[in-house]
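For reference, the structure is listed below as structure tokens.
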Amino acid sequence: MNKNRATRRDVLKTAALKAAMAASAAIFPSPALSQAASPRVVVIGGGFGGAACARALKRTGTKIAVTLIEPNRVYTACPMSNAAIAGLRVLSSQEFGYGRLQAEGIELVASAVEAVDAAARNVMVGGGQMIEYDRLVLAPGIDFMWDALPGYSREAATIMPHAWAGGEQLALLTRQIAAMEDGGVVVISAPVTPSRCPPAPYERASLIAHIIKTRKPRSKVIVLDAKDSFTMQRQFQAAWKQLYSGVLEYVSLSDGGLVTQVDTATMTVTTDFDKYTPAVANIIPRQKAGRLAEIALVADRTGWCPVNPVTFESTLQPNIHVIGDAAIAGAMPRSASSAVSQARICATGIAALLAGNSPPPPTLESSCFSLIAPDYAISQTGRYRPSGENYTEIETVISPVDAPQDVRAKEAEAANAWFTATTTEVFG
């Protein structure tokens, strides 16, 4: 192993974990005494990006009145959810509330957003309530292109779950995997990019293969991919060869992996070359920015949201910022780690703008861990800086393909430590 390469990897991971732990251990400032006299920032979306931004705004040391609008009282985290699907974690360990945010003086509005008026700077929620803002932060996450795959729809997802958002979908796929008889086949359809957490379909396939290998040895996992390449592909495929030979089959786009139609009545998944009738079908559709981006008119023709990379302010609507999976951020992956990093930068930028100052040029970080087995993980860490209209990668460190088992075990420990530190920082 190259010693310099290993050092860079360790530095990046250590820095990311220290940053998360330091933030979660910070002494929380008291709520602003005069909310009416304070600049008003409204954050919509209580996932990693939105919740992290709301807390970061309260930690700026300025008197900013922060309102978080989120219709759900409980957020179900996507990171580590593949381990829950495979039965390695309880699904409740993925659930987080907003009590700590409220304790810090962040107002929580548990309602769906019905309209955003950028000119008047207000948001309308359920019941016609109007909430005014000086700056608005949107963390809309992702939505699905339901008409992109013939046969797949919201109704079809109750039989062939995507399990890519929401606790109900994760629970459904978890039950299906647990109930599948030995000898059954699981088909996972991996989408084209851009998409949320590009390595996640392959992590999911790996962990399901682990459970199958140990509990349902006559069963099999088949990944049907709409692409010919994916993040950390060499690392994943080396691990599959080592751990899941004969259990996990990968079919690339060139080999006929593109799913062209599904039929829930016959449990059929069709590609250009084959038809599959799996016991469990996990269909992950093509994605775009969440519906809130359409309501606020911040999505362009690609379906995603262009932003100023220094402040994450929308290039389409003034005084509105977009962070997380929905934002177009160049080389930065769409991941929870990226969303939290963007949230901090966005909060710093907003505080500067409200004070009449120029935001400093930021450097963002992202850490992506993928579990292959309970004691085996791979990772990719990176640092990013603004370049033109987007972010460019200035350093990337990926797990070596030929790392020994003790390194893989340490990566698995780091993955769990990252999740604990980050959820503590974001949700308390």
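Points worth noting:
- Percentage relative contact order, segment 145-286, counting C-alpha pairs under 8 Å, at least six apart: 35
- Compactness ratio for segment 145-286: Cα radius of gyration over 2.2 N^0.38 Å (N = residue count) comes to 0.96.
- Under the simplified labelling scheme, the residue 265-residue 241 pair shows an inter-label distance of 4.4 nm, with each label point 7 Å from Cα along Cα→Cβ.
- Using 0.36 nm per residue and subtracting the Cα-Cα separation, the extra length available between residue 363 and residue 63 on full extension is 105.5 nm.
- Cα pair distances exceeding 27 angstrom across the chain, given as percent: 52
- A cut-off of 5 Å between modelled amide H atoms, ignoring neighbours fewer than 5 places along the same chain, links residue 321 with 136, 137, 138, 314.
- Filter on 241/275; 241/288; 220/275 - keep pairs with C-alpha separation over 22 Å: 241/275; 241/288
- Straight-line cross-link partners of residue 213 among the aspartates and glutamates, defined as a Cα under 17 Å from its Cα and at least 8 positions apart when in the same chain: 181, 182, 203, 249, 375.
- Rounded to the nearest 500, the 222 nm mean residue ellipticity of the chain from helices alone is -9500 deg cm²/dmol, with -39,500 (n - 2.57) taken per DSSP H run of at least 4 residues.
- Beta-bridge orientation, segment 145-286: approximately 30 percent antiparallel, per DSSP, counting only bridges with both partners inside.
Here, each number is a calculation from the coordinates, and none is a lab measurement. Fair warning: this is a prediction, and the values are worked out from it, not measured in the lab. Here Cβ is always computed from backbone atoms with ideal geometry, including for glycine, and neighbour counts include all displayed protein chains.
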